[in-house]
Structure formats: C-alpha cells, structure tokens
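Engineer: This is the structure I have questions about; it appears just below.
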Amino acid sequence: MEIYAKSYNVKVWCVIKNRNYPLPAAVQPSADPEDIDEYTDEQMAVVQVNAKARYVLYNAISGEEYDKILCYDTTKKMWDKLEVTYEGTSKVKETRINMLVHDYELF
C-alpha cells in the first residue's frame, strides 16, 4: 500500500500514514469555510491531497474492507483500522511471533 500511495503522490502517503493536512488559514477568512470558490490556491492544494489520499485508499481495498472503514472521517483513522484488522496490535503481533517460535522449536 505504501508503494502504491507514494507512486501516486508522496504527500498522499504522508496523509494516509500520519493525518490529514490542516487547511491553511486564508489571508482574508471567508464567511463560509465550505465555499470552495473562496479558497486560495494553497488551500485547494491541501484539499486535493486529502481527497487523493482518501481516493487511493478506497481504490486499494475490497468492499468488505470498505465497510470496516466507512465510518471514519480521516484517512489516518481508516489506515489505523485496516492496520489493526490485518496486522493486529503490538500485543497480537508479539503473541503471533511467540506462537511461531514455539511451533518452530517443536518442529
């Protein structure tokens, strides 16, 4: 997934792995922050990177995985959920390693 996201745009991987880029403050704040016509070029670039990160993540997963992350509002939260689901927490990883070592020793 890292290689896929980085090949699309390195900033996209940073957004997935870390968090959404915050929207920079405008020189003249808009009355309605949702009015994209009022966004500066810098703000639009941030919005685009965040949207691309979400797009890349959604395109790389199956429908079943999509259902698991649908409720999250940032790609970081989505990524964390997928990471825990498929790799487990550090405690789960440690238990798996210990089981594999034990099985190897028995073999």
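The values are calculated or read from the model by the stated rules, or taken from the named source; none is laboratory data. Because the structure is predicted, anything quoted here is derived from the model rather than measured. Don't worry about glycine lacking a Cβ; one is built from the backbone with ideal geometry, like all the others, and counts go over all protein chains shown. Surface areas here come from the heavy atoms of the whole protein model, side chains and all, with no ligands, DNA or RNA. Shrake-Rupley method; radii C 1.70, N 1.55, O 1.52, S 1.80 Å.
Per-residue answers, yes or no, for (1) open to solvent by 80 Å² or more (accessible area, probe 1.4 Å); (2) hydrophobic (A, V, I, L, M, F, W, C); (3) under 12 Å from the mean Cα position of the chain (by Cα); (4) modelled with pLDDT of 85 or more:
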position	(1), (2), (3), (4)
I69	no, yes, yes, yes
T75	no, no, yes, yes
D80	no, no, yes, yes
S90	yes, no, no, no
T95	no, no, no, no
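Engineer: Right, something else. Working only within the stretch 68-107, note down all residues that are without any contact (Cβ under 8 Å) to a residue 12 or more places away in the chain, among the aromatic types (F, W, Y) and assigned to a helix (DSSP H, G or I).
Structural biologist: Pass one, the stretch 68-107, residues without any contact (Cβ under 8 Å) to a residue 12 or more places away in the chain: 70-73, 77, 80, 83-84, 86-107.
Still in the list and also among the aromatic types (F, W, Y): 72, 86, 104, 107.
Y86, Y104, listed by residue number.
Engineer: Right, here's the next one. Specify the residue that is least open to solvent (accessible area, probe 1.4 Å); the eligible residues are those in the stretch 53-67 that are hydrophobic (A, V, I, L, M, F, W, C) and not in a helix (DSSP H, G or I).
Structural biologist: Among those residues, the one meeting the criterion is I61.
Engineer: Test of understanding: among T40, T85, which residue is out of contact with any Gly (no Cβ under 8 Å at 6 or more places or on another chain) and surrounded by 15 or more Cβ atoms within 10 Å (Cβ to Cβ)?
Structural biologist: Only one candidate qualifies: T40.
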